[in-house]
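Everything below concerns the one structure shown next.
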Amino acid sequence: MDSQSLEERRALLAEAERIAERVLQDKKAILQYQQRIADNRELLGKYRRKELPNKSYIYLGGFFLKLPGPRIEQIVKQDQERLGKWVDGTRVNMKKNLARVNQLLPSERPAHIVELLTKDVKNADGEELVGDAIR
């Protein structure tokens, strides 16, 4: 191999690594979004079962507000919808980036990288958080 082909190869690998890093960042973001979705779902369930007082505190944008229960439910439901859109958008972005890595390095996908990018991720309680998000 001559020096020019080695430089091209190095640039190709650097690009693939940069894109793969974005895929991992997206996967981490999805985990965080799904954790917030689970927390919101738990809060909505408590309101549905009337386990919380009529007025409660909610943390919004760096400060706490005391709001009536129905208003908090509305805010949390809006947050759920927004988080769902973010998860969907992040998954689409992750699929595009993974396709780009496969295009750059079609025959060089190490097994441990494939497993890391495609396996199901579970939280400490054993609940599935992301299931084959990049297929």
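The values are calculated or read from the model by the stated rules, or taken from the named source; none is laboratory data. Here the structure is a predicted model, which means the values were calculated and not measured. Using ideal geometry, Cβ is built from the backbone for each residue, glycine included, and neighbour counts are taken over all protein chains shown. Heavy atoms of the whole protein, side chains included, go into the accessibility calculation; ligands, DNA and RNA do not. Shrake-Rupley method; radii C 1.70, N 1.55, O 1.52, S 1.80 Å.
Assorted remarks:
- Checking Phe64 against (1) in contact (Cβ under 8 Å) with a residue 12 or more places away in the chain; (2) farther than 23 Å from Gln103 by Cα; (3) open to solvent by 30 Å² or more (accessible area, probe 1.4 Å), the condition it does not meet: (1)
- For segment 72-97, the tally of residues that are open to solvent by 100 Å² or more (accessible area, probe 1.4 Å) and more than 30 Å from Lys27 (Cβ to Cβ) stands at 0.
- For segment 44-51, the condition holds for no residue, the condition being that it is among the aromatic types (Phe, Trp, Tyr) and modelled with pLDDT of 90 or more.
- Tally, over segment 20-36, of residues that are open to solvent by less than 40 Å² (accessible area, probe 1.4 Å) and out of contact with any Ser or Thr (no Cβ under 7 Å at 6 or more places or on another chain): 4
- Just one of (1) farther than 17 Å from Asp88 by Cβ; (2) of a type in the set (Asp, Glu); (3) surrounded by 14 or more Cβ atoms within 10 Å (Cβ to Cβ) fails for Asp39. It is (3).
- Being more than 30 Å from Arg18 (Cα to Cα), within 24 Å of the chain's Cα centre (by Cα) and touching a residue at least 24 places away in the same chain (Cβ under 8 Å) holds for only one residue in Arg36, Arg41, and it is Arg41.
- Unique residue being free of Cβ contacts under 8 Å to residues at least 40 places away in the same chain, open to solvent by 100 Å² or more (accessible area, probe 1.4 Å), of a type in the set (Asp, Glu) and assigned to a loop (DSSP other than H, G, I, E, B) when the list is Glu51, Glu17: Glu51
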